[in-house]
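Reading through the structure tokens given below for one structure.
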Amino acid sequence: MKSTDKEKVLERITSRESTRYQVIDVDERRYVHCAADTIMYSMLVDRKISVDVASFMGSAYRVEIDPDKPPENLHMLAVTGDLEKLPENSSTPSRICSYINFFRNLTEFEKWRSSLGDTSRDLVRLLNMKEAYEFVRELIRQLSWKDESQCL
């Protein structure tokens, strides 16, 4: 991906509003829309970053995201199946953003999942972090040929 394309993607995944995910990169802090965006950010800048995560369980924690090695202290990431069945979400650039989250354990995931509507609840599944990194790499490959008017 060209440098200008990377900058466009970094701009697109950055949120002007606070979110559950605050990236700390060198001395800069910025919010991104979802857990996949934190991994994508690290891969695009090609360096390790820290991320402050606001947990669904009410606590906050920090994780280190390396562009090449999935974190060991973060076990899973939730992602959806059939995207067309998901409700639109006008506060994020993609309908999947609000469904892609980090979870430290199955209890945290199940609590979040139980808060979803029936249709959405049936579409989410867990990915281990190796699968999550593969998912994000595929997103980046897809973005390399999309124009800026298209969504993730």
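The values are calculated or read from the model by the stated rules, or taken from the named source; none is laboratory data. Computed from a predicted model, the values in this text were never measured in an experiment. Note that each Cβ is placed from the backbone with ideal geometry, even for glycine, and that neighbours are counted across all protein chains shown.
A few remarks follow.
- Test: residue in the range 122-136 that is more than 22 Å from V23 (Cα to Cα) and either at pLDDT below 75 or assigned to a helix (DSSP H, G or I) (or both): no
- Taking every residue in the range 114-139 that is over 22 Å from T38 (Cα atoms) and without any contact (Cβ under 8 Å) to a residue 12 or more places away in the chain and pairing it with any residue that is exposed (fewer than 14 other Cβ atoms within 10 Å of the Cβ) and hydroxyl-bearing (S, T, Y), at least 6 positions away or on another chain, the pairs with Cβ-Cβ distances below 9 Å are R121/S114; R121/S115.
- Looking across T107, T92, one residue alone is β-branched (V, I, T), modelled with pLDDT under 80 and either under 22 Å from E131 (Cβ atoms) or out of contact with any Phe, Trp or Tyr (no Cβ under 8 Å at 6 or more places or on another chain) (or both). It is T92.
- Test: residue in the range 31-43 that is over 14 Å from the mean Cα position of the chain (by Cα) and either in a strand (DSSP E or B) or surrounded by fewer than 17 Cβ atoms within 10 Å (Cβ to Cβ) (or both): no
- Boolean, E28 is among the acidic types (D, E) and closer than 27 Å to L116 by Cα: no
- Test: V23 is in contact with a helix residue (DSSP H, G or I) (Cβ under 7 Å, 6 or more places away or on another chain), hydrophobic (A, V, I, L, M, F, W, C), at pLDDT 95 or above and not in a loop (DSSP other than H, G, I, E, B): yes
- All conditions but one from (1) hydrophobic (A, V, I, L, M, F, W, C); (2) at pLDDT below 95; (3) surrounded by fewer than 18 Cβ atoms within 10 Å (Cβ to Cβ) apply to I13; the one that does not is (3).
- The range 110-121, subset in a helix (DSSP H, G or I) and at pLDDT below 85, residue surrounded by the most Cβ atoms within 10 Å (Cβ to Cβ): S120
- Pairs are defined by a Cβ separation below 8 Å, a sequence spacing of at least 6 or placement on different chains, a first member in the range 39-58 that is in contact (Cβ under 8 Å) with a residue 12 or more places away in the chain and over 16 Å from E7 (Cβ atoms), and a second member that is buried (at least 19 other Cβ atoms within 10 Å of the Cβ) and among the aromatic types (F, W, Y); the pairs so defined are I39/Y133; I49/Y41; V51/Y21; D52/Y21; V53/Y21; V53/F102; A54/Y21; F56/F103.
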